[in-house]
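The values are calculated or read from the model by the stated rules, or taken from the named source; none is laboratory data. Note that the structure is predicted; figures quoted are calculated from it, not measured. A quick note on method: Cβ atoms are made from the backbone with ideal geometry, for glycine too, and the neighbour counts reach across all protein chains shown. When the accessible area is computed, the model is the full protein with side chains, heavy atoms only, and any ligands, DNA or RNA have been set aside. Shrake-Rupley method; radii C 1.70, N 1.55, O 1.52, S 1.80 Å.
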Amino acid sequence: MVHLVEKVRDLASYPLLCAVLFLATGCSSTPKPDPLSKPTVRITTALDAAAVYLISKQSDDGAWRSGVYSVLKDGPALTPHVAGTLTLLNGNAETRTAFSSACAYIASQIRRGTVDPGYLGFTYPAYIAAGAASVLALENNPEHAGVRDEYIKLLRSQQLNDALGWKPTDTEYGGWSYAPRTPRRPADLSAHLDTNLSATLYAADALRLAGVPQSDLAWKGALAFVERCQNFAESSPDKRFDDGGFFCSPTMSLLNKAGVAGKDARGHERFNSYASMTADGVRALLDCGLPLNHPRVVAARAWLERDFSAFINGGVFAPDRDKTRNATYYYYAWTVACAFRQLGARDIQTHHGKVNWAKELSSELLERQRSDGSWINKFNDAKEDDPLVATPFAAAALKICSRFLPAD
């Protein structure tokens, strides 16, 4: 069954595939068990195994370091990512100890009263600052409140805004990027920075968890950038492109995994909407203070429900991008689960009828978990072939799914 899924996964995006596989495998004389029999029990077992795996990979100093990628071996890059997921897992003594140790490591990056990235600097300052601040906010420990605030300061310093010379008319304005150094506005904008929706969402989540009020100017800039990443028009929408979905970056085409959709009537290059970024986009809109009934949120939700798939990162991908659409599968699983949680969605209306997204997604994630409790992606474009990247996303998604399933 699993091998058959792997063979056709790149060809089928929607729940219709489930019916095909059921008919293909359900004709045996031996009845097949429900793959999600007692789902919350299976999820609990899977998450316990994931916790054991992650804890086994923690270094003595409380950090996690990649065994696959050199840029993720420094400690700060992966530690917030893993620690944030641990807060969702079983909560036993070992998990609590591992999390406390991780928080102590994150706090140790504060030296002389400020965040000290060391001689070489942080690999991904915006992600690290956002992740660290979010983890310390989740901990709700007054001991680390000051440390969290220092990470928030670092995060603020990475926003492309007036303080760094950016103008509201700049496409990059208000967002966050992968920049390893403070992203000041260059005199020549012929080479755009990699300002993107994913980094901006991480920043928005951190600001929200830290309690930054909606009156803060950071939100105004963030919302302006997020809106530039949505295929949406307030009036006179172009039906070829304005479907309500999101893409990753309005400035760097290569970051948009679904590729180029074409040029609109004004000659502007447009990008295909795809599921992982549409989930990021609707979450960012809500973080920035838009209500559930705002037209942008409604349009994004409709797209996300319509194109939902448990197997694949949904959307129309350009032919040269389709082979790697699942390079961010576990990121997609995590962010779509987060999005439906924020939207309060349970049963959703897809292209092929109504489905319980949590049941579909959790079933697929359980099938993909490895015997050691980890998850790994066969594609390496987004580093999800590193289990310390993929496993926290998958485990967090599973935990969220369990909250939308009936008790066994």
### Query
Within region 212-224, is there a residue that is within 25 Å of Val260 (Cβ to Cβ), open to solvent by 40 Å² or more (accessible area, probe 1.4 Å), in a loop (DSSP other than H, G, I, E, B) and out of contact with any helix residue (DSSP H, G or I) (no Cβ under 6 Å at 6 or more places or on another chain)?
no
Within region 287-304, the count of residues that are among the hydrophobic types (A, V, I, L, M, F, W, C) and either open to solvent by 30 Å² or more (accessible area, probe 1.4 Å) or over 19 Å from the mean Cα position of the chain (by Cα) (or both) comes to 5
Contact list, first residue from region 53-69 and of a type in the set (Ser, Thr, Tyr), second anywhere and surrounded by fewer than 16 Cβ atoms within 10 Å (Cβ to Cβ), beta-carbon distance below 6 Å, six or more apart or interchain, is Tyr53/Asp372; Ser66/Lys73
> Has region 125-133 got at least one residue that is in a loop (DSSP other than H, G, I, E, B) and either at pLDDT below 95 or touching a Phe, Trp or Tyr at 6+ places or on another chain (Cβ under 7 Å) (or both)?
Replying inline: no
Within region 34-89, of all residues that are open to solvent by less than 20 Å² (accessible area, probe 1.4 Å) and touching a strand residue (DSSP E or B) at 6+ places or on another chain (Cβ under 7 Å), the one farthest from Ser134 (Cα to Cα) is Trp64
- Message: Please determine whether any residue of region 187-207 is β-branched (Val, Ile, Thr), more than 19 Å from Thr278 (Cβ to Cβ) and either open to solvent by 50 Å² or more (accessible area, probe 1.4 Å) or at pLDDT 95 or above (or both).
- Response: no
Residues in region 148-163 that are part of a helix (DSSP H, G or I) and open to solvent by 20 Å² or more (accessible area, probe 1.4 Å) total 9
| Condition test on Ala98, is it over 22 Å from Val71 (Cα atoms), surrounded by 17 or more Cβ atoms within 10 Å (Cβ to Cβ) and of a type in the set (A, V, I, L, M, F, W, C)? | yes
Filter region 359-408 for residues that are under 22 Å from Gly344 (Cα atoms) and among the charged types (D, E, K, R); the one that is least open to solvent (accessible area, probe 1.4 Å) is Glu364
Going through region 265-276 in order, the residues found to be surrounded by fewer than 24 Cβ atoms within 10 Å (Cβ to Cβ) and either without any contact (Cβ under 8 Å) to a residue 12 or more places away in the chain or in a helix (DSSP H, G or I) (or both) are Arg266, Gly267, His268
